[in-house]
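Structure record follows, encoded as structure tokens.
The values are calculated or read from the model by the stated rules, or taken from the named source; none is laboratory data. Keep in mind it's a predicted model, so treat the numbers as computed, not measured. Backbone-built Cβ (ideal geometry, glycine too); neighbour counts: all protein chains shown. We work out accessible area using only protein heavy atoms, side chains counted, and drop any ligands, DNA or RNA first. Shrake-Rupley method; radii C 1.70, N 1.55, O 1.52, S 1.80 Å.
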Amino acid sequence: MNDMSKKYAKFENILIPVLISMCLMISVSCMRNEVPDIAEEHKSLTSDHADKGYEHVISDASLSLYINKATGQFYVVNSSNDAIYYSNPPDSDNDVKANNYYKMNMKSQIEIRYLNPKLVQESLNNFVGSVMNGSYTVNETDRGVRFDYDFVDEGFVIPVEYYLENDKFYAKVIVDEIVEYKQNLLLEIVVLPYFAAPDGLEEGYILIPDGCGAIIGLSDVSSAAGSYSGSVYGRDSALNLLRSSVNLPNQITLPLFGIVEGDTGILAVIEEGDAQSRIYASPNGVNTGYASVGASVIVRNSDTALLKEMTGVEKSVTVFNPAIAKDLSFRIEYSFLSGENANYSAMARIYQEKLFGNNSITVDHKHLIADLLLSTRIRKNFLIFPYSGVESLLSTEDIRAISDELDDIGFDEHIIKLSGWQKKSMFSAMQSEFKPSAKTGSRSDYFSLAGDMTANNNILAPGFDLLNIYEFSSGIRKNDAVRNVSGGILELFRFRSSTYRKNTEIKPINVLNSTDFVRLYSEFVISSAQGFVMIADDTGAHLLASNNHRNKTAVLAQTRQKVMESYLTAFESSLSKGMSLMFDDPQGYALKYAHSVTDLANSTSGYIGFSEEVPFVQMVLSGKVNYAGEPLNLVMNMHTSLLKMVEFGEIPYFKLSELKEDLRTLPPVFNENYSINYSYYKSKISDIYDFAEQYRLATENAKIIRHEKIRKNIYVTEYSNGTEIYVNYGSAEYSAGELTLPPQSYGIGGES
Amino acid sequence: MTFRRSFIIMIIFVLIFSFSGTISAAASSASAAADADDVAVDVDRITRSSDNGYNYDPYGYSVPAPNAYALLKSVGADEIPGGLSSPSDIFVYDNEIYILDNGNNRIVVLDDGLSFVRAVLPAYEAGIMDGYGLFVHTNGNIYITLYEQKTILVTDPEGNVLKEIGQPVSPLIPKGMAYRPKRLVISSDDKIYLVAEGVYYGIIQIDADGNFQRFFASNTVEPGLKTFFSNLYKKIFTNEQQGKTERSLPYEYSSIDIDDKSFVFSTVSADLSSSGQVKKHNPAGENILGRKDPSEVSANVIAGTGKYGDHEINLTTAGYVTSLLNDISVDDRGFIFVLDTSRNKIFNYDQENNLLSVFGTEGNVFATLSEPVAIDASGDMCLVLDRKKNTLIAYAPTRYGSLLRDAVSLYSAQQYEAANDIWLEISEINNNLIIAHDGIAKASLGRNEYVTAMHHFEIAKNKTGYNEAFLQNRTVILNRIAPFLFILLAVLLAGIWIILSRSTRKAIQSTSKKEITHDIRPGYAMIHPIDAFERIKSEGKGNTYYAIAAIVLIFAFRLISLNYTGFLFNSINPLTINFAYELLQFALLFLVFTLCSHAVSSFIDGKAFYKETFIVCAFALLPYGSALVLSTVLSHFLSLNEAVFFSLINQIGVYWSAIMIFTGLMKVNSYSFKKTVFSFLLIIIMILFVIFLLVLAYSLVMQFASFIEDIIKEIQYRT
């Protein structure tokens, strides 16, 4: 062999093994990345499942329901992407993080909470209470399957139906047909707590519309987090609130939740029984190896009442409404998403369409909302006799001047809400007619002003509260007030800032029943329609209290669901009379009827397990309703709130008035408005106009279609016109491509 | 060979590939970690505080306020390698934050950006699991108090043990004194001030070697009912019997801090009956917080109570839940932060005892405090250590908080004019903050704008400041109107002189006693009480309608006084004036007195009818009522310097009325002087008895009503 040959042989000895290795590696790599034949896998799975007792029940265009009649477990196959969604984690027995209690729970489809005869609350799942005993019946229906779980020892029969319709899966509790045949009292039924529970192997999150919306990551949960639960539309106001603190129950604005795992997702909407429902979630690793989320229906109110409250010898007792909710249905609709729809932005779009009927932009866009406090009540003397009198803060002329100045600043097309126009100012006798205090202006002055403002594309809207009873009058008697769970008249207390305990020095507030609310609402709409095009409801969109009146024949006794339905009647009636509605601090049930909303939650309850707060509710409203967060003059940090306003697509909102020099401090009840002088904020409103002008121009006549956290402190919101709003909350500059964001600023990108 | 080599190369290549896969997995894991950091809640994006800000109004009621401090960062397991485990103290020194991480037997050091710098592992065999307090000397040495081991451990900056300081020994230290070292500070002259559990005698002062020097700033037993009965007990019972009872001991110090001028600040963890729980000690140990010198009375904290922490309290089955102040820190600018471990809050004071803000709250949601144990300040940040959550929570001032700090700094330096604009802005941001009005008032005073100053001092309820502005304003007005005033005075005097001389002439002309044909009028009774009351008895000239009119008038005078007394002499919260309550109180007192008086007269053979007693008492109160009106009018013209006149007028009214009642009852009952005195004693006893009965009856009725209410509620709840 010559040298060349030797070199070649040497090269060959190196090259060939390298080539062989590369081939091997490529083949290994190909094996690793091999796209699984899901159809085959599905076939094999269904075949496996058939072995495990699953039977095909029903199919529609893209979904198929398989059920195991022996265990009550089922799964849904989405043939559009061959994803399988199990009612219960299939491998729950091998979950190393779950103890036996949770392993049993993971095999159940419903969980009940009830009061035993000693009035102690207990819970039980259907696997232990019914399936293991074999005390249940299963019947196939023309659209799915119905289970009747008989909890023999506890004495309940609970019918649940699972079915498919229009490519959606439904779980329904037929509350009307629940049977109680022992002394235990059924309180709540949690439905499908582990449906499609992600095991955390893939990236994803659980979406909960707590406040503005929040996500619980599948893999990055705080170790301190426990389980989550929250009431849809906030807590029932009829329940006794012992302390006003940060540990208040979490408030869920919209009746839905979502799961995103990899490129699939589920959007679950509580379609029926939403006002009676709660949402439960547990991050991955907290109780089990799975992240889980489900909803429940409250079929009977129970509460803790205190005897001799705040006396040092107080004693708590459990109270309950003897009547179980009737005429109530509870239904959850599960939509299965995939690909680009498997994220919260798409879910918001889907829910928007469901709520408003379409995704088109219909909002009558306004640029600013100002809530003006026209009067306050202060202590006065008539000669030597002290009394509580009304002090005027702003007149109609002042309002006109403010409106003109807002126009001059650039905030044309604004809304001015009137607070404290009543004869006795706010927090006093209920007025179902617009008869203003003469100290602030006459009725005709207001109507004239409203007409002039409407002509300038502005809106003047009187604020009103037809739920809180501050004083009983000839028209409203004690018997018209809502009853608490024990059957007594509901009293809502104010709470001391320092102790979070009830402030018994301030008279408690009662709540008007929904029937009278509807009547007075109609009266107010008729009265206001003579001069206004919009009214601003201060309480109807969030003060939702069940009426636990013991007189079963009286129309007064109503579940929270029925109360909500009454409210909706009032809202609908208002719209039908051509009167637009503005709501304060709204919950999801009212959003459909809103022209504008203020104080819309733009943060969450602060549950430790939340990975991120997202503007889910805002995305649902975007393009449909004008929405504003907290009053910018009363926020903790105005600049951060402005950035959030830009990120969330809000419009600026202020609560203003003008305190005279001799009235620098406001009396109790009014003193939450600690910073409201228009003369002080006028220049700041002008600054805000300059700050937000670019954002406003870029996003006008567009709606949010995507929101994303790019990295720590950097967020992007994309609009339907292609505009992307980037917000940098951090203290470092952020650059991406041509975009450079200084700290604490926003910038505009995209294709608009 | 060739094949073998080829095979080896192939294997190596595959191994490298596999390894690279591992590296890539590791990298992806690191990237996941980075992502995990990205998905954590962004604190900078938080717009709503977990706690509602508040402060107190001048009457001691909590009022809403903007948040002065907001969460800056929560530092825990994600930021500190190994996390924290049951940490117990923090100390800021030289831009570094030292955390006593007991559970991990180490001291964690962070930089002022709250990033991990290093961990110091003390080379101490027994460990520092029972560490309580931490102090870093200016020479870098670290002092750790070991609670169970009753030792102060001193290490160098690397953790090498330099010395251990045990329990101090001295004849001054009582035998058997419990000793558990908690927190310590060291002054610039190397004196160690130590707070220890079980030591009621004060702060222990030792030298650098641990030799006892003295008890510094001894607390005293606060006088009160409990102390009174305790002292009484001591006099009555034997030592053995006393031993079985609770001892009255001074409150124990709970924590300590020191500022750059070596002033020691301390807290005592005391119940609601205490005041002065926060102190600033001069080198003699005297409390000088809020005082120019120690002899001054403790300055007001909330509504003049002298109490720190929360003024409003909870009453629960566990009793009163009040603030427990268990740690203190003073920042570089002299702002005092006090940690309330009972309610998980931080109270922020200035050095003049003004409560500036309250922040933090208990809870189980994000950015709340579960078990705060220690507090310190770094720059503008306030740092709180949470033992249960194993986190260090940093709060930073909001814009409002920063303005407040700037304004107070200027205010404390008496640069009122410079602070004025900031105070004006603060008062716009928080109308409820009274201290802002104090600042504005002082600036106005500096500009000689007395009326404005008086207005703001009145809102701030600062009587001293108001008085100063009032005096200046009065002088200006008097200077302006003095000539006219003296002319008016001369005219008045002339008029009086003319009237008096005519009266005198008339009096001389009519030497005989004038026959009074009509009933005695209240005005006549005021000037001629003996004659008037004699006539009421002997001639039956008393008129009940006049008496009722007099009572109505006096009640009206009382209301005038309540409503219109000038600010300097009026301490009543106008919101609490209740017409019905005042009427009931007045009527009840009057009726109780007249009825008791009548009852006594029946008992000791008095001759008065109830009507006569009623008329006499009603007429007799007129001087009191007139004095009220006069003092109310004068209260708008007098300064605090002339307060004696205000009191004098009221006292004259009261004494005059008392004399009239005395003479009136003597005359209508035909008592002797001695018998009248005796009857008054009986009346007082009877009144006390009647009040006792009324209180008892009221209490019983209320209890019965409450009992009925409870039964109704219980029936309602149980059915």
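Please give the FRET efficiency for B:N139 paired with B:S370, using the beta carbon to beta carbon distance and R0 = 45 Å, rounded to the nearest 0.05.
Numbers: r = 36 Å, r/R0 = 0.79.
With a Förster radius of 45 Å, E is 0.80.
Provide the FRET efficiency to the nearest 0.05 for the A:S731-A:K97 pair, computing r from the beta carbons and using R0 = 45 Å.
0.75
What does the buried accessible surface come to for B and A, summed over both chains, with the probe at 1.4 Å? Round to 100 Å².
Buried surface at the B/A interface: approximately 7100 Å².
Across chain A, what fraction of all alpha-carbon pairs, as a whole percent, falls in each successive 20 Å bin from zero upward?
In whole percents, the pair-distance histogram is 15, 45, 30, 8, 2, 1, 0.
So what does the Cα-only Debye profile of region B:585-693 read at q = 0.14, 0.20 Å⁻¹, as log10 I(q)/I(0), no solvent term?
-0.61, -0.98
Against the longest principal axis of chain B, how steep is helix B:673-718, in degrees 0 to 90 to the nearest 10, with axes from Cα atoms?
So the inclination is approximately 50 degrees.
Kindly give the semi-axes, whole Å and largest first, of the ellipsoid equivalent to the protein assembly as shown, taking each as the square root of 5 times a Cα gyration tensor eigenvalue.
68, 43, 35
Give me the three principal axis extents of region A:541-691 from the C-alpha atoms, as integers in angstrom, largest value leading.
57, 43, 41
Count, for each residue of B:360-369, the Cβ atoms from other chains sitting within 10 Å of its Cβ, then give me the mean as a whole number.
Mean partner shielding for this stretch: 5.
Let me have the 222 nm mean residue ellipticity of chain B computed from DSSP H runs of 4+ only, each contributing -39500 (n - 2.57), with the sum over all residues rounded to the nearest 500.
On the way: 16 runs with 313 residues, N = 719.
That comes out to -15000 deg cm²/dmol.
If amide H atoms are built 1.01 Å from N in the plane of the peptide, which residues on other chains or at least 5 residues away come under 5 Å of the amide H of B:G131?
It is B:Y147, by chain and number.
Calculate the all-directions average of the projected area of region A:426-581's alpha-carbon convex hull, and give it in nm².
Over all viewing directions, region A:426-581 projects a mean Cα-hull area of 11.1 nm².
Given +1 on the Cβ of Lys and Arg, -1 on the Cβ of Asp and Glu, and no further charges, what dipole in debye does chain A carry about its Cα centre, rounded to the nearest 20?
2640
Per residue of B:570-580, count partner chain C-beta atoms within 10 Å of its C-beta, then hand back the mean as an integer. It would help to have the intermediate numbers written out before the result.
Values: counts 0, 0, 0, 1, 5, 6, 3, 4, 1, 4, 0.
Mean shielding by partner chains, rounded to a whole number: 2.
If you average the C-alpha positions of region B:678-719 and of region A:482-499 separately, how far apart do those two centres end up, in angstrom?
Here the answer is 27 Å between Cα centres.
Tell me, in nm to one decimal, what length is gained between A:S474 and A:I710 on full extension, where the rule is 0.36 nm per residue of separation less the Cα-Cα distance?
Length difference between fully extended and current span is 79.1 nm.
Treating cross-link reach as a plain straight distance, find the lysines whose alpha-carbon is under 17 Å from the alpha-carbon of A:K107, omitting any fewer than eight places away in the same chain.
In chain and number order, the partners are A:K52, A:K69, A:K97.
Could you work out the helix-only [θ] at 222 nm for chain A, with each DSSP H run of four or more residues adding -39,500 (n - 2.57) and the total divided by the number of residues, to the nearest 500 deg cm²/dmol?
-7000 deg cm²/dmol
What angle do you read, to the nearest 10 degrees and between 0 and 90, between the alpha-carbon axis of helix A:678-699 and the longest principal axis of chain A?
Value to nearest ten degrees: 30.
Heavy-atom accessible area of B:L424 with all protein chains present, probe 1.4 Å, nearest 10 Å²?
Here the residue's solvent-accessible area equals roughly 70 Å².
For q values of 0.11, 0.14, 0.25, 0.26 Å⁻¹, compute log₁₀ I(q)/I(0) with the Debye formula on a Cα-only model of region B:639-719, without solvent.
Those come out to -0.62, -0.74, -1.06, -1.09, one per q.
What's the long-distance tail for region B:370-483, i.e. % of Cα pairs beyond 16 Å?
Summing the P(r) of region B:370-483 above 16 Å gives 66 percent of all pairs.
Between A:L568 and A:K660, how many nm apart are label points set 7 Å from Cα along the C-beta direction?
That separation, rounded to one decimal, is 4.8 nm.
From the phi angles alone, apply the Karplus equation (6.51, -1.76, 1.60; θ = phi - 60°) to region B:518-523 and give each ³J(HN,Hα) in whole Hz, x where the residue is Gly or Pro.
Result, ordered by residue: 8, 5, 5, 9, x, x Hz.
Would you mind telling me the antiparallel percentage of the DSSP bridges in the protein assembly as shown, rounded to 5? Spell out each step's value before the answer.
Working: 220 of 250 bridges.
Percent antiparallel among DSSP bridges in the protein assembly as shown is about 90.
Over the Cα atoms of region A:125-200, how large are the radius of gyration and the largest Cα-Cα distance (Dmax), in Å?
According to the Cα coordinates of region A:125-200, Rg and Dmax are 13.5, 42 Å.
For region A:710-743, list whatever residues lose no less than 10 Å² of accessible surface once every protein chain is in place, relative to that chain by itself, with the probe at 1.4 Å.
Output list: A:R711, A:K712, A:N713, A:Y715, A:Y729.
How shielded is A:664-676 by partner chains, expressed as the average number of their Cβ atoms within 10 Å of its Cβ atoms?
What the average comes to for A:664-676 is 6.
Can you list the chymotrypsin sites (Phe, Trp or Tyr not before Pro) in region A:167-226 that are in a DSSP coil and have 13 or fewer other beta carbons within 10 angstrom?
A:Y181
Quick check of the Kirkwood formula: for chain B, what is the inverse mean of 1/r over all pairs of different Cα atoms, in Å?
It works out to 32.1 Å.
Show the residues, 5+ positions off or on another chain, whose built amide H is closer than 5 Å to the amide H of A:A536.
The list, which skips near neighbours in sequence, is A:G463, A:F464, A:M582.
In Å², and per residue, what accessible area does the protein assembly as shown have when probed at 1.4 Å with the other protein chains present?
Here the per-residue accessible area is 43 Å².
Given H placed 1.01 Å from N in the peptide plane, which residues other than close sequence neighbours of A:F654 have an amide H under 5 Å from its amide H?
Counting only residues 5 or more places away or on other chains, the set is A:I369, A:A370, A:D371, A:L632.
Where q = 0.14, 0.15, 0.21 Å⁻¹, what log10 of I(q)/I(0) comes from the Debye formula for region A:321-425, counting one point per Cα?
The Debye formula, applied to the Cα set alone, gives -0.83, -0.85, -1.09.
Quick one: compute the contact order of chain A, relative version, from alpha carbon pairs under 8 angstrom and 6+ residues apart, as a percent.
10
Mind scanning B:K279/B:K463; A:K502/B:K345; A:K424/A:K478; B:K175/B:K307 and naming the pairs with a C-alpha gap bigger than 22 Å?
B:K279/B:K463; B:K175/B:K307
Only residues of region A:412-446 count here: report those whose backbone N is under 15 Å from the spot 7 Å along Cα→Cβ of A:E523, or say none.
A:423, A:429-436
If the label point is 7 Å along Cα→Cβ of B:T475, which residues in region B:430-445 have backbone nitrogen under 15 Å from it?
Inside the label zone: B:445.
Do you know the relative contact order of region A:611-752, to the nearest whole percent, from alpha carbon pairs under 8 angstrom that are 6+ apart? Could you put the intermediate results ahead of the total?
Details: 212 pairs, mean separation 27.4, N = 142.
Rounded, it is 19 percent for region A:611-752.
Please report the carbon-and-sulfur percent of the accessible area for the protein assembly as shown; probe 1.4 Å, protein heavy atoms only, DNA, RNA and ligands left out.
Here it works out to 56 percent.
Any chance you could give the angle, 0 to 90 degrees and rounded to 10, that helix B:434-446 forms with the longest Cα principal axis of chain B?
Rounded to the nearest ten degrees, it is 70.
Compute the FRET efficiency between A:E340 and B:V701 as 1/(1 + (r/R0)^6), taking r as their Cβ-Cβ distance and R0 = 60 Å, and round to the nearest 0.05.
0.25
Give the relative contact order (percent, whole number) for chain B; include only Cα pairs under 8 Å separated by 6+ residues.
It rounds to 9 percent for chain B.
Largest first, how would A:K366, B:K73 line up by accessible area (1.4 Å probe)?
B:K73, A:K366
If you project the alpha carbons of region A:505-544 onto their three principal axes, what span does each projection cover, largest first, in Å?
39, 22, 17
Along region B:376-385, what does the Karplus equation 6.51 cos²θ - 1.76 cosθ + 1.60 (θ = phi - 60°) give for ³J(HN,Hα), rounded to whole Hz, x for Gly and Pro?
7, 10, 9, x, 8, 6, 10, 10, 10, 9
Classify region A:649-722: rounded, prolate or oblate, from the alpha-carbon gyration tensor (a ≥ b ≥ c, eigenvalue square roots; a/c under 1.5 rounded; otherwise prolate if a/b is larger than b/c)?
Numbers: a/c = 3.29, a/b = 2.37, b/c = 1.39.
Here region A:649-722 falls in the prolate category.
Count charges around A:A214 for me, please; just the other residues with Cβ under 11 Å from its Cβ, Lys/Arg as +1, Asp/Glu as -1. Intermediate values should be presented prior to the final figure.
Numbers: positive: none; negative: A:D210, A:E612, A:E613.
Neighbourhood net charge equals -3.
To make sure I understand the rule: partners must be lysines, Cα under 24 Å from the Cα of A:K703, and not fewer than 8 residues away in the same chain. Which ones qualify?
A:K354, A:K366, A:K592, A:K624, A:K644
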